[in-house]
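**Student:** Below is the structure I would like to discuss, written out as structure tokens.
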Amino acid sequence: PPRPKDVGILAMEMYFPTRCISQEELEEFDGVAKGKYTIGLGQKFMATCDDREDINTFLLTVTHNLLEKYNIDPKSIGRIDVGTETAVDLSKASKTFLMDLFASHGNTDVEGVDSKNACYGSTAALFNAVNWVESSSWDGRNALVVCGDIAIYAEGSGRPSGGAGACAMLIGPNAPLVLEPIHGTHMVHAYDFYKPKLDSEYPEVDGPLSITSYTSAIDAAYSAFKKKHALKAKKSGSEAPPFSLDDVDYPVFHSPYGKMVQKAHGRLVYNDFLANPTHPKYASIQNTAALLAQDYKESLLDKTLEKTFINLAKSHFDSHVELGMKCSRRCGNMYTGSLYGGLASLVSSVEPSEFLGKRISMFAYGSGLASSFFTIKVKGDTSEIKNKLDLVKRLAAMKVVPCQEYVDALKLREESHLSKTWKPQGSVDNIWPGGYYVESVDGKYRRQYLRKP
Ligand code: HMG
């Protein structure tokens, strides 16, 4: 095939469970101070599912729905990359479960397996798929990226920052959402959030470390991105000023909870300020000298600094960043699905004619840790994606259930986890039409899945 151009996202589909709970009600239910989850963490709702769903039902549903909605021939797919941290098997890739949708059409020539590192697996999967299309082993067919997770925490540990959801994306040439070539990446070893337990779905979390790890990852990945950008500009003889948020129309972030995105956005503005502190747009900032003299480690913990830049960035946050938060406001953290739920929210929020020519920045973060800052250029019409996602209506159609139902659902998940012969207890009524669910577990840990008509 001829060398592909403008490789990126051709189509998108989101999946989320039918049920969610209100964070305002959860504050009351948990007996914490009013405002702790809604104001302190910036949370609104959080999706939940019981033992009728696992990551394979999420990924099967979102993939099947993508194929159907866009009338994609399963034979036209040459690669599938999956990103998840909720896999039910340490060996067998979640991708292999999706193969039923392709093998039944005579297509088993499909490269790609799973990528794993907390919430970053989806971005690793996306880079793999795009790189395949751009490589010399590309066979002319499109690729799929499928990602998602069930984000749940043990009682007393991060529960209000949970959630659930999944995303599927069709990747190929001449896309309306084109991945630009520069990636700024930062990866180091950290024990901020990890899942060492085989007998439980719940992570071990060092909450404060996870926040400073996320923040320092933004600094380092953005800085790596800007360095490469400057190098490229120098090589091409460009006289343009160094890269800053002025070059971005819509920043999208991995969203573990609402407030973290505000912190992250403010931190990018702080980075721009450090690069050009005398720019008139920072004229309102007090104690500029003190902020500039800041020790790096102290800057990660300095609440005054954080508030200064959150406030400075607030109107831009409200008008531009919030557009990418529709999924996270309703579903909470989708781990690997979170950043791409953000992209889907943005596509759903901006009129396609206005979107054309705009640049989106993406910040991917997965604990442990892996992070990248990269950009997407809107080079085509996004109407079809916006219409087929139908996101606003679908999120509104989720049922807000009492918090006790959430706790009961988690209990069922705890009991079913690792059972060889589990008879699912949750009701199939809680599955959307066209959604997959766990039918049974057969005595050898083998799960049978069915699709609801
Ligand atoms: P916590 O102990 O529940 O909350 O932990 P806190 O006491 O630290 O308070 C949080 C904020 O609420 C503070 O504001 C308080 O002042 C405020 P901040 O200092 O952030 O500005 N607050 C209130 N505000 C108004 N009214 C009140 C009130 N009370 C307190 N009454 C934590 C919060 C996020 C650490 C916890 O929920 C947790 O551990 N969550 C899981 C980890 C996490 O989400 N980390 C985020 C970064 S890491 C990441 O993104 C990766 C991840 O997605 C995993 C992956 O990669 O797969 C998690």
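The values are calculated or read from the model by the stated rules, or taken from the named source; none is laboratory data. Here the structure is a predicted model, which is why all the values come from computation and not from measurement. In this analysis, Cβ positions are derived from the backbone assuming ideal geometry, glycine residues included, and neighbour counts consider all displayed protein chains.
**Student:** Report whether or not Ser361 is in a strand (DSSP E or B), within 16 Å of the ligand (Cβ to nearest atom) and surrounded by 18 or more Cβ atoms within 10 Å (Cβ to Cβ).
**Tutor:** On the way: in a strand (DSSP E or B): yes; within 16 Å of the ligand (Cβ to nearest atom): no; surrounded by 18 or more Cβ atoms within 10 Å (Cβ to Cβ): yes.
Judged against the criteria, Ser361 is not a match.
**Student:** Could you say which residue among Cys119, Cys49 is more than 16 Å from the ligand (Cβ to nearest atom), in contact with a strand residue (DSSP E or B) (Cβ under 8 Å, 6 or more places away or on another chain) and not aliphatic (A, V, I, L, M)? Walk me through it before giving the result.
**Tutor:** Numbers: Cys119 fails: more than 16 Å from the ligand (Cβ to nearest atom).
Only one candidate passes the filter, namely Cys49.
**Student:** Is it fair to say Ser299 is hydroxyl-bearing (Ser, Thr, Tyr) and either in a helix (DSSP H, G or I) or free of Cβ contacts under 8 Å to residues at least 24 places away in the same chain (or both)? Please lay out each step first, then the result.
**Tutor:** Numbers: hydroxyl-bearing (Ser, Thr, Tyr): yes; either in a helix (DSSP H, G or I) or free of Cβ contacts under 8 Å to residues at least 24 places away in the same chain (or both): yes.
It is true that Ser299 is hydroxyl-bearing (Ser, Thr, Tyr) and either in a helix (DSSP H, G or I) or free of Cβ contacts under 8 Å to residues at least 24 places away in the same chain (or both).
**Student:** Also: Cβ-Cβ below 7 Å, separation at least six or inter-chain, first residue in region 428-453 and within 24 Å of Cys20 (Cβ to Cβ), second small (Gly, Ala, Ser): which pairs?
**Tutor:** Arg451/Gly434; Lys452/Gly434; Lys452/Gly435
**Student:** Moving on to the next point. Could you please find all residues in region 427-453 being part of a strand (DSSP E or B) and under 26 Å from the mean Cα position of the chain (by Cα)? Steps first, answer last, please.
**Tutor:** Kept after step one, since they are part of a strand (DSSP E or B), are these residues of region 427-453: 436-441, 447-451.
Result: Tyr436, Tyr437, Val438, Tyr449, Arg451.
**Student:** Here is a further query. Checking the condition among the charged types (D, E, K, R) and out of contact with any Ser or Thr (no Cβ under 9 Å at 6 or more places or on another chain), which residue from Lys259, Lys232 passes?
**Tutor:** Details: Lys232 fails: out of contact with any Ser or Thr (no Cβ under 9 Å at 6 or more places or on another chain).
Just one listed residue meets the conditions, Lys259.
**Student:** Here is a check on your reading of the model: is Leu179 among the aliphatic types (A, V, I, L, M), modelled with pLDDT of 95 or more and under 27 Å from Tyr257 (Cβ atoms)?
**Tutor:** On the way: among the aliphatic types (A, V, I, L, M): yes; modelled with pLDDT of 95 or more: yes; under 27 Å from Tyr257 (Cβ atoms): yes.
Yes: the conditions hold for Leu179.
**Student:** Now for a different question. Show me the strands (runs of 3 or more DSSP E) found entirely inside region 123-226 where at least 1 residues are more than 10 Å from the ligand (Cβ to nearest atom), more than 30 Å from Pro17 (Cα to Cα) and not polar (S, T, N, Q). If you could, list the steps in order and put the result at the bottom.
**Tutor:** On the way: elements: 142-151, 163-172, 177-187.
Correct list: 177-187.
**Student:** So which residues in region 227-252 are part of a loop (DSSP other than H, G, I, E, B) and crowded, with 21+ Cβ neighbours inside 10 Å, if there are any at all?
**Tutor:** Our first condition is that a residue be part of a loop (DSSP other than H, G, I, E, B); within region 227-252, this holds for 236-244, 248-249.
Hit for region 227-252 is Phe243, nothing else.
**Student:** Go through (1) out of contact with any Pro (no Cβ under 6 Å at 6 or more places or on another chain); (2) surrounded by fewer than 18 Cβ atoms within 10 Å (Cβ to Cβ); (3) among the basic types (Lys, Arg) one by one and return the number of the condition Lys195 breaks.
**Tutor:** Failed condition: (1).
**Student:** Condition check: touching a residue at least 40 places away in the same chain (Cβ under 8 Å) and among the aliphatic types (A, V, I, L, M). Does Leu356 satisfy that? Write out each step before concluding.
**Tutor:** Values: touching a residue at least 40 places away in the same chain (Cβ under 8 Å): no; among the aliphatic types (A, V, I, L, M): yes.
Spelling it out, it is not the case that Leu356 is touching a residue at least 40 places away in the same chain (Cβ under 8 Å) and among the aliphatic types (A, V, I, L, M).
**Student:** Just to verify a result, which residue in region 339-354, among those that are under 19 Å from the mean Cα position of the chain (by Cα) and hydroxyl-bearing (Ser, Thr, Tyr), is surrounded by the most Cβ atoms within 10 Å (Cβ to Cβ)?
**Tutor:** Looking at the filtered set, the residue picked out is Tyr340.
**Student:** Give me the residue from region 52-94 that is among the aliphatic types (A, V, I, L, M), within 19 Å of Gly106 (Cβ to Cβ) and outside any helix (DSSP H, G or I) and, out of that set, farthest from the ligand (Cβ to nearest atom).
**Tutor:** Ile72
**Student:** Right, here's the next one. Any residue in region 380-392 that is surrounded by fewer than 19 Cβ atoms within 10 Å (Cβ to Cβ), at pLDDT 95 or above, more than 13 Å from the chain's Cα centre (by Cα) and of a type in the set (Ser, Thr, Tyr)? Give the derivation first.
**Tutor:** At the first step, the residues of region 380-392 found to be surrounded by fewer than 19 Cβ atoms within 10 Å (Cβ to Cβ) are 381, 383-384, 387-388, 390, 392.
Now restrict to residues that are at pLDDT 95 or above: 381, 383-384, 387-388, 390, 392.
Next, only the ones that are more than 13 Å from the chain's Cα centre (by Cα) stay: 381, 383-384, 387-388, 390, 392.
Those still in the list that are of a type in the set (Ser, Thr, Tyr) too: 383.
Taking every residue of region 380-392 in turn, at least one turns out to be surrounded by fewer than 19 Cβ atoms within 10 Å (Cβ to Cβ), at pLDDT 95 or above, more than 13 Å from the chain's Cα centre (by Cα) and of a type in the set (Ser, Thr, Tyr).
**Student:** Now for a different question. Test of understanding: among Gln404, Gln448, which residue is closer than 19 Å to Gly162 by Cα and of a type in the set (S, T, N, Q)? Before the answer, list the steps.
**Tutor:** Values: Gln448 fails: closer than 19 Å to Gly162 by Cα.
Exactly one residue qualifies, and that residue is Gln404.
**Student:** Then there's this: Any residue at all in region 103-111 that's in contact with a strand residue (DSSP E or B) (Cβ under 8 Å, 6 or more places away or on another chain), polar (S, T, N, Q) and not in a helix (DSSP H, G or I)? Break it down stepwise before answering.
**Tutor:** Of region 103-111, the ones in contact with a strand residue (DSSP E or B) (Cβ under 8 Å, 6 or more places away or on another chain) are 107, 109-111.
Pick out the ones that are also polar (S, T, N, Q) and you get 107.
Within this subset, residues satisfying the condition of being not in a helix (DSSP H, G or I) are 107.
Yes, region 103-111 contains at least one residue that is in contact with a strand residue (DSSP E or B) (Cβ under 8 Å, 6 or more places away or on another chain), polar (S, T, N, Q) and not in a helix (DSSP H, G or I).
**Student:** Here's something else I'd like to know. I want to confirm something. Restricting to region 19-64 and keeping residues that are within 19 Å of the chain's Cα centre (by Cα) and β-branched (Val, Ile, Thr), which single residue is nearest to Ser94 (Cα to Cα)?
**Tutor:** Restricting to residues being within 19 Å of the chain's Cα centre (by Cα) and β-branched (Val, Ile, Thr), the top hit is Ile55.
**Student:** While we're on this one: For the structure I just gave you, tell me whether Ser345 is within 12 Å of the ligand (Cβ to nearest atom), within 22 Å of Val62 (Cβ to Cβ) and part of a helix (DSSP H, G or I).
**Tutor:** Numbers: within 12 Å of the ligand (Cβ to nearest atom): no; within 22 Å of Val62 (Cβ to Cβ): yes; part of a helix (DSSP H, G or I): yes.
So Ser345 fails the test.
**Student:** Okay, moving on. Quick one: would you say Met46 is under 27 Å from Leu126 (Cβ atoms), among the aliphatic types (A, V, I, L, M), surrounded by 17 or more Cβ atoms within 10 Å (Cβ to Cβ) and touching a Leu at 6+ places or on another chain (Cβ under 7 Å)? Explain how you work it out, then say what you get.
**Tutor:** Details: under 27 Å from Leu126 (Cβ atoms): yes; among the aliphatic types (A, V, I, L, M): yes; surrounded by 17 or more Cβ atoms within 10 Å (Cβ to Cβ): yes; touching a Leu at 6+ places or on another chain (Cβ under 7 Å): no.
No: the conditions fail for Met46.
**Student:** Among residues belonging to region 393-450 that are within 22 Å of Thr63 (Cα to Cα) and β-branched (Val, Ile, Thr), point out the one that is surrounded by the fewest Cβ atoms within 10 Å (Cβ to Cβ).
**Tutor:** Val428
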